[in-house]
Amino acid sequence: MRFPQDFVWGAATSAYQIEGAAHEDGRGPSVWDTFSRTPGKVHGGDTGDVASGHYHRLEEDLDLMASLALRSYRFSLSWSRVLPEGTGQINQAGLDFYRRLVEGLRERGIRPMATLFHWDLPQALQDKGGWENRDCAHWFADYAKVVFDELNIRDWLTINEPKTVVEAGYQMGIHAPGVTDPARSFVVLHHLHLAHGLAAAALHATHPGRRIGPALNLAPVYPADDTDRAREQARLHDGLENRIYLDPIFNGRYPADMLEWIGGRSRMPEVIEEGDLVTISEPIDLLGVQYYNPKYVNGEGERVFKHPVAQAQWLEIHPDGLYDVLVRLKRDYREVPLVITENGLPTLDEPDEDGRVRDDGRLGFYRDHLAALHRAIAEGVRVEGYHAWSLLDNFEWAEGYSQRFGLVHVDYATQRRTPKDSALWYRDVIRSGRLD
Ligand code: IFM
């Protein structure tokens, strides 16, 4: 299976999950500093204070990326490292860190791809209502303008997985800020969409030639059985998993069935102002697709598992789901370049006595997903690149350090990095451009 000559192979991370140095060089606190310090919220009481120590190991990590033959690196900016209060005063030390990162990538021939928001909202803005406050969309656009001007990066992603913010952050309360109120969650959804659109428009106005899009975690939804009830539920869940994120951006409207469903549960439809959907549907230049799992639902609307699950119980392993997502995007939405911005698996593998990390499970996961991706490309879906999640073992949110998604093992006591077998295999795939 040969991939296109210009296919862009990469790996992804996010700021709070790897940087550490949480209280250094002027960085302001984010909602995840607060949440991880709240007793009972994160496995083992873990925090991102030190994480994978990336802030202090920048050169080593850049060399590591080069040694793995990466052509693209997707990372996120910590908003509160750049603007400690979320607005106003710029922290030059924070910007300098990202400048060094971008320069270091360029020197090694690796393309930077920056995410503006990967869940670590400045705490100062949460104190003013966070994403429930419409102003937050404008604070986000102002922050985006600062980094657009200061950092020489062509490809940008706006919001990472708005669905996770809505569901984990505001419905289940298992992510910061820990709210359990669906009514509030849909207001947040609208403001995240608005933030995305304002930032995309700002980039287009000020830096023509650069590209921007959202990073959406999409899940193919299938009826768990052959009944009308299950099919109806699958349609509803497809709305909640995919259409409420895609339709406003691509079509400039929320799906009518979703607005009705949400309207019975939230005042969200009332917070939509005239012109918002025009802003939200600012044409995107690329779509970041994050794929982990499918969702099967029965006639009661319950999730049913039909395939093996990973250590992360939500992660049902079904590589063909990636193919289905990609083909569906081509079929149902305007064509834009697609980039896989995340796909990966946590495993428990540790270095053996000889120092090797034999993570066959992850290697097989990547092989099967890349094969599904290849099939979609061969059938004409325009996918430009692929980013494995994640470059390094890191802080897996509510799971703390108990789940390791890295291609590279991190010994948290010493911060020693060891490329796992999957990383070496991935390096060889990149070098050859083919999957055997
Ligand atoms: O670690 C996360 C990442 O931050 C967002 N997407 C899913 C990953 C695995 O849970």
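Data table
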| quantity | calculated |
| --- | --- |
| Tabulated pairs, segment 323-340, first among the charged types (D, E, K, R), second open to solvent by 20 Å² or more (accessible area, probe 1.4 Å) and assigned to a helix (DSSP H, G or I), C-beta under 8 angstrom, 6+ apart or interchain | Arg334/Phe250 |
| Meets criteria (more than 21 Å from Ala219 (Cα to Cα), buried (at least 20 other Cβ atoms within 10 Å of the Cβ), modelled with pLDDT of 95 or more and touching a strand residue (DSSP E or B) at 6+ places or on another chain (Cβ under 7 Å)) for Val357 | yes |
| Strands (runs of 3 or more DSSP E) wholly inside segment 354-436 containing at least 3 residues that are more than 16 Å from the ligand (Cβ to nearest atom) | 383-389, 416-419 |
| Among the candidates Leu116, Leu95, residue that is within 15 Å of Phe148 (Cα to Cα) and part of a helix (DSSP H, G or I) | Leu95 |
| Close pairs (8 angstrom Cβ cut-off, 6 or more residues apart or separate chains): more than 16 Å from the ligand (Cβ to nearest atom) in segment 1-29, of a type in the set (Asp, Glu) and modelled with pLDDT under 95 anywhere | Met1/Asp436 |
| Residue check, Leu151 crowded, with 23+ Cβ neighbours inside 10 Å, in contact (Cβ under 8 Å) with a residue 40 or more places away in the chain and not polar (S, T, N, Q) | no |
| Of all residues in segment 164-185 being assigned to a helix (DSSP H, G or I) and open to solvent by 10 Å² or more (accessible area, probe 1.4 Å), the one that is farthest from the ligand (Cβ to nearest atom) | Ala183 |
| Tabulated pairs, segment 341-353, first without any contact (Cβ under 8 Å) to a residue 60 or more places away in the chain and part of a loop (DSSP other than H, G, I, E, B), second open to solvent by 40 Å² or more (accessible area, probe 1.4 Å) and of a type outside the set (D, E, K, R), C-beta under 8 angstrom, 6+ apart or interchain | Pro346/Gln311; Leu348/Gln311 |
| Residue within segment 321-339 that is surrounded by 20 or more Cβ atoms within 10 Å (Cβ to Cβ), in contact with a Phe, Trp or Tyr (Cβ under 7 Å, 6 or more places away or on another chain) and farther than 17 Å from Asn293 by Cβ present | no |
| Residue identified as part of a loop (DSSP other than H, G, I, E, B), open to solvent by 60 Å² or more (accessible area, probe 1.4 Å) and away from the ligand (no atom under 16 Å from the Cβ) among Glu282, Glu300 | Glu300 |
| Helices (runs of 4 or more DSSP H) enclosed by segment 6-78 - at least 1 residues per element that are touching a Pro at 6+ places or on another chain (Cβ under 6 Å) | 31-36 |
| Residue under evaluation Gly209, criteria (1) open to solvent by 50 Å² or more (accessible area, probe 1.4 Å); (2) under 24 Å from Tyr16 (Cβ atoms), criterion not met | (2) |
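The values are calculated or read from the model by the stated rules, or taken from the named source; none is laboratory data. Being a predicted model, the structure only gives us computed values, none of them experimental. Positions of Cβ are generated from backbone atoms using ideal geometry, with glycine treated the same way; all protein chains shown enter the neighbour counts. Quick note on the areas: whole protein, heavy atoms, side chains included, nothing else; ligands and nucleic acids left out. Shrake-Rupley method; radii C 1.70, N 1.55, O 1.52, S 1.80 Å.
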